[in-house]
Structure formats: structure tokens, C-alpha cells
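Undergrad: For reference, the structure I am asking about is given below.
The values are calculated or read from the model by the stated rules, or taken from the named source; none is laboratory data. Just so you know, these numbers come straight off a predicted model, no measurement behind them. Methodologically, a virtual Cβ is constructed for each residue, glycine included, from the backbone with ideal geometry; neighbour enumeration extends over all protein chains shown. Surface accessibility is based on the protein's heavy atoms, side chains included, excluding ligands, DNA and RNA. Shrake-Rupley method; radii C 1.70, N 1.55, O 1.52, S 1.80 Å.
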Amino acid sequence: MTKPNLSQLAQDPSCMDDYDPNAMSVTQARQFIQKFLSPVTETETLPIRESLGRVLAKNIISPCNVPAHNNSAMDGFAFRFEDAEKPLKIIGTAFAGRPFTGKIGQGECVKIMTGGVIPTDADTVEMQERVTVTGETAALSRPTKLGQHIRLAGEDLKTNQTVLAQGHKMQPADLGLVASLGIGEVKVFRKLKVAFFSTGDELVSVGKRLEEGQIYDSNRYTLFGMLTKLHAEISDLGNVPDDPSLLEKTLLKASQNNDVVVTSGGVSVGEADYMKTLLAEHGQVLFWKINMKPGRPLAYGKVGSSHYFGLPGNPVSAMVTFYQFVQPALQALSGELCKPTPFFSVKCTAPIKKMTGRTEFQRGILSQNIGGEWTVAPLPNQSSGVLSSMSTANCFIVLGETVGNCDAEAMVNVQLLEGII
Ligand code: AMP
Ligand code: MG
């Protein structure tokens with residue numbers, strides 16, 4: 001596929017053969033968006049702890065071996081393997097951090113603690129439970145293996161090895177890994193600046209009284225949560241009524257000094273839609289009907305130099321489209337090398353109604369049955385307005401375009417909403 005020209009496409013969609021705004025698959029739309037994303041280039045240097053969840057802007061190369069020395073994996077005795085047959089004379093002790101400085105001669109051994117440096121000329125360790133000590137003599141109670149219970153220098157990390165690559169998102173283990181190299185600071189890409197607002201005459205902010213027909217604006221709170229988890233620098237611009245001049249003012253404010261603008265509501269087809277006109281006037285924005293449920297309408301484009309995402313207003317649709325399109329886009333923009341989210345195939349406990357030709361992200365509860373088998377129960381109410389389904393669920397049941405109705409006991413793909421880390 002040739003690289004599409006966004007502004008040309010926004011004005012005349014017929015200029016690209018394989019582009020149909022009314023029938024975009026989830027994968028197509030995601031791949032399409034990826035073509036317009038260039039990662040940030042600015043970086044900052046942070047102390048290790050502050051780098052948690054941030055994206056590395058530079059490879060981390062090991063300046064040393066970890067561990068630095070051969071050391072004992074057990075509390076026991078270190079000796080020369082060739083001497084193991086006869087009782088050994090105990091000539092000293094090696095503690096972790098306090099090595100035995102002498103040499104081990106023929107028929108000699110050193111008492112050694114876990115982490116203690118293996119004394120010069122020793123090549124094997126036996127654990128203390130298998131050694132009989134009589135006065136100053138240690139006798140081994142079973143044959144040993146040359147080199148056993150020794151952790152070798154560089155067995156974890158070797159000098160000059162690439163330990164973590166640019167684009168890696170720092171996780172708890174990585175903080176420890178960097179510390180194990182004696183490195184105190186890391187270079188990461190700067191945070192992405194993301195502004196967002198909700199649109200709709202019916203929306204009221206928390207803290208105000210609801211009049212007839214009004215609802216509280218919940219999307220700004222879920223967006224806050226999702227963006228904060230991605231370590232974005234966020235600007236919440238409130239909820240804006242369906243009023244062209246207020247929407248215009250807020251849109252222009254949002255697009256200044258932000259990498260990304262996210263709005264919810266007002267992108268449905270057929271709506272008395274001011275956003276559409278505004279976006280045509282101030283940017284190059286495409287409106288798509290995605291073959292998915294929930295979350296069919298989606299707008300993507302540029303407003304000024306900011307990327308723009310117009311999410312559907314329904315609370316579940318807003319979240320699902322965020323996870324499917326905005327999150328991978330933000331990851332790419334923040335320089336992260338993205339890995340695919342794993343799927344697991346499990347048995348479902350109830351039949352699922354599903355139309356072919358679109359991807360569905362049903363909310364489900366994954367649990368272990370009495371036989372110990374993991375199964376998934378689809379939640380009974382899959383309406384895109386039922387936000388409690390996102391709270392109750394612990395996974396998405398992802399049903400691809402070719403999948404139709406599923407019987408109870410059918411195998412379905414699930415994606416966990418929360419991982420261990
Ligand atoms: P829209 O996409 O603007 O047509 O909105 C679709 C549905 O989502 C309507 O029922 C709206 O009331 C609801 N909705 C839109 N925005 C929000 C919001 N910020 N919080 C909660 N519900 C919303
Ligand atoms: Mg609306």
C-alpha cells in the first residue's frame with residue numbers, strides 16, 4: 001500500500017482504492033493510524049525510581065559482569081573437586097561481602113555462605129546439610145559434581161551486553177536490573193502531552209445537580225485513568241456542550257502545545273454534528289465506521305500539529321476504542337516498541353450471540369471451575385452504555401470478524417484486562 005496522504009484523503013476519500021471509511025476493520029484502522037505516527041525525540045534523564053513505566057531513549061549497556069565474581073549458591077563448603085573423596089581441613093570462612101583472602105591448598109576447604117566469593121583454587125561447593133563436621137574437619141556425605149552450587153561471574157549479565165533496548169518500557173524488574181549494574185540514572189523519552197474533553201449538551205460535571213435528561217460525564221474520568229496509566233502529561237479541558245463556538249474554542253486550545261487531542265461524543269454519523277464541520281475547518285480528520293462492537297464510529301486525523309482521536313460517546317465504546325486505537329498510537333508516539341497483547345483460548349460457559357463481519361470485544365469474567373479449568377463467562381448485559389460491565393469484567397472476549405454465534409463450551413479468545421505487572 002502506498003503511504004496515504006491524510007489531507008488529500010480527508011478531502012477526497014475516493015483517491016485511495018483500498019480505503020473505505022464505512023467498512024474499516026480494527027486491524028486496518030490501527031495500521032492506517034500507525035503510518036502517521038512519529039515518536040517524540042526529546043529525552044530526559046531520570047533517577048532509576050522515576051523511570052518506572054517510562055520508555056528508554058537509549059540502550060542500556062552493561063559496564064560490568066553481574067555477578068562480578070564466581071560465588072556460592074549455598075551455605076556450605078568450597079574445595080577442590082579432586083580432593084572431595086577424603087575429609088577436608090577447614091581453613092577459614094567466606095561470608096557474602098567478606099571474602100576469604102587465602103588460597104585453598106590440597107585437602108583443604110573453606111566454610112562459605114550464600115553469595116560468598118569462591119576462594120582462589122576452589123572449584124566446587126557442597127551444601128552444609130551434606131557435610132559432617134568433626135572439629136576442624138569436614139567430610140562430604142555423597143559424591144559431588146565438579147563446579148556444583150557455584151554461580152558464575154557474568155551469568156546474569158555480561159560486560160558490554162545490551163541489557164535493555166531503546167523503546168523498552170521500564171518495569172519493576174528493570175529498575176532492579178539497572179541498579180544491579182550500578183547505574184543510577186536512565187535516559188527516557190519525554191512524556192506525551194495529551195488534552196481531552198467530553199462533548200454533549202446532556203453532560204454535567206460531578207458535583208453539580210442533574211436536571212431532567214442530563215447525565216454525569218463519566219468519560220473524562222475513564223480517560224483520566226487510562227491516560228494516567230500510560231504516564232501521559234494530561235490536560236482535562238472539561239465537558240463542552242454541543243455549541244459550535246465553545247467546541248471550536250476548546251478544540252483550538254487543546255491542539256496548542258499538545259501531542260494528542262482526544263474527545264468523546266459527537267462523532268456518530270447522522271448526528272447534528274458540529275465537531276465534523278469544525279474538524280474539517282481546522283484539521284484533516286477522517287470519520288470511520290469500524291467493523292467492531294462496541295465502538296463503531298471513530299475519527300482520526302490531525303488538528304494543527306496534534307493527532308486527533310474522536311471517540312464515541314458511549315462509555316464502553318469510548319474505552320474499547322481507546323484501548324484498540326489510542327493506546328497503541330500513544331505507545332508508538334512515546335517511542336515504545338510495542339508487543340502484541342497475548343490472547344488465550346478458553347472455554348466459554350454460556351452461548352454467545354455474535355454477527356460475522358465485525359470484531360466484538362465482549363466483557364467477560366475469567367475464573368477457575370471446580371475442576372481447576374479456566375473458563376470465561378460473558379457478562380449478561382453487553383450494552384455499550386453499561387460501564388459497570390467494564391468494572392466487573394476481568395477480560396475481553398475477543399471474537400474476530402469470521403466468528404459467528406458461539407455455543408456454550410465453545411473455545412473463545414480472551415485478553416486479560418490486568419496483568420501481573
Ligand atoms: P454520542 O456519541 O455523542 O452520540 O453519545 C452516545 C451516547 O453516549 C449518548 O447516550 C450520550 O449521552 C453518551 N455519552 C456521551 N458522552 C458521554 C460522557 N462523557 N459520559 C457518559 N456518557 C456519555
Ligand atoms: Mg453527543
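Undergrad: Scanning segment 308-323 for residues that are among the aliphatic types (A, V, I, L, M) and within 16 Å of ligand 2 (Cβ to nearest atom), which turns out surrounded by the fewest Cβ atoms within 10 Å (Cβ to Cβ)?
TA: Across segment 308-323, the extreme among qualifying residues is Val316.
Undergrad: Ok, one more. Checking the condition within 20 Å of Gly53 (Cβ to Cβ) and more than 16 Å from ligand 2 (Cβ to nearest atom), which residue from Gly207, Gly184 passes? So that I can check it myself, show each step before the final result.
TA: On the way: Gly207 fails: within 20 Å of Gly53 (Cβ to Cβ).
Just one listed residue meets the conditions, Gly184.
Undergrad: While we're here: What is the number of the single condition among (1) under 20 Å from Lys229 (Cβ atoms); (2) within 16 Å of ligand 2 (Cβ to nearest atom) that Ala329 does not meet?
TA: So Ala329 meets the others, but not (2).
Undergrad: Of all residues in segment 237-291, count the ones that are in a strand (DSSP E or B), more than 25 Å from Met319 (Cβ to Cβ) and of a type in the set (A, V, I, L, M).
TA: 0
Undergrad: For Ala350, which of the numbered conditions (1) modelled with pLDDT of 95 or more; (2) open to solvent by less than 20 Å² (accessible area, probe 1.4 Å); (3) small (Gly, Ala, Ser) fails to hold?
TA: Failing condition for Ala350: (2).
Undergrad: Filter segment 167-184 down to the residues that are closer than 23 Å to Val326 by Cβ and either open to solvent by 30 Å² or more (accessible area, probe 1.4 Å) or free of Cβ contacts under 8 Å to residues at least 12 places away in the same chain (or both) and list them by number.
TA: Going residue by residue through segment 167-184, those that are closer than 23 Å to Val326 by Cβ are 167-171.
Those that are closer than 23 Å to Val326 by Cβ and either open to solvent by 30 Å² or more (accessible area, probe 1.4 Å) or free of Cβ contacts under 8 Å to residues at least 12 places away in the same chain (or both): His168, Lys169, Gln171.
Undergrad: Out of segment 363-395, which residues are more than 30 Å from Gln171 (Cα to Cα), small (Gly, Ala, Ser), part of a loop (DSSP other than H, G, I, E, B) and touching a residue at least 12 places away in the same chain (Cβ under 8 Å)?
TA: Across segment 363-395, the qualifying residues are Ser383, Ser384, Gly385.
Undergrad: Give the residue that is nearest to Ser306 (Cα to Cα), with candidates limited to residues of segment 9-58 that are within 19 Å of the chain's Cα centre (by Cα) and assigned to a strand (DSSP E or B).
TA: Val55
Undergrad: So, restricting to strands (runs of 3 or more DSSP E) that lie completely within segment 111-172, which ones have at least 2 residues that are under 30 Å from Leu337 (Cβ atoms) and β-branched (Val, Ile, Thr)? Please lay out each step first, then the result.
TA: Values: elements: 124-127, 131-134, 137-140, 162-164.
Output list reads 162-164.
Undergrad: Just give me the residues in segment 61-77 being in a strand (DSSP E or B) and either open to solvent by 40 Å² or more (accessible area, probe 1.4 Å) or free of Cβ contacts under 8 Å to residues at least 40 places away in the same chain (or both), in sequence order.
TA: Ile61, the sole residue that qualifies.
Undergrad: With at pLDDT 95 or above, open to solvent by less than 70 Å² (accessible area, probe 1.4 Å) and either part of a loop (DSSP other than H, G, I, E, B) or touching an Asp or Glu at 6+ places or on another chain (Cβ under 8 Å) (or both) as the only criterion, which of Val326, Val412, Val398 stands out?
TA: Val398
Undergrad: Still on this structure, please answer the following. Please work out which residue is surrounded by the fewest Cβ atoms within 10 Å (Cβ to Cβ), limiting yourself to segment 185-204 and to residues that are among the charged types (D, E, K, R) and more than 24 Å from Lys58 (Cβ to Cβ).
TA: That would be Asp201.
Undergrad: Within segment 209-235, can you find the residues that are under 18 Å from Lys191 (Cβ atoms) and either away from ligand 1 (no atom under 12 Å from the Cβ) or exposed (fewer than 12 other Cβ atoms within 10 Å of the Cβ) (or both)?
TA: Gly225, Met226, Leu227, Thr228, Lys229, Leu230, His231, Ala232, Glu233, Ile234, Ser235
Undergrad: From the list Gly270, Gly266, Gly238, exactly one residue is within 16 Å of ligand 2 (Cβ to nearest atom), modelled with pLDDT of 95 or more and at positive phi. Which is it?
TA: Gly238
Undergrad: Could I ask something else about it? What are the residues in segment 95-127 that are among the hydrophobic types (A, V, I, L, M, F, W, C), over 16 Å from Pro67 (Cα atoms) and within 44 Å of the chain's Cα centre (by Cα), if any? If you could, list the steps in order and put the result at the bottom.
TA: At the first step, the residues of segment 95-127 found to be among the hydrophobic types (A, V, I, L, M, F, W, C) are 95-96, 100, 104, 109-110, 112-113, 117-118, 122, 125, 127.
Next, from what is left, pick out any that are over 16 Å from Pro67 (Cα atoms): 100, 104, 109-110, 112, 122, 125, 127.
Scanning segment 95-127 gives Ile112, Val125, Met127.
Undergrad: State the number of residues belonging to segment 342-390 that are charged (D, E, K, R) and over 30 Å from Ala23 (Cβ atoms).
TA: 2
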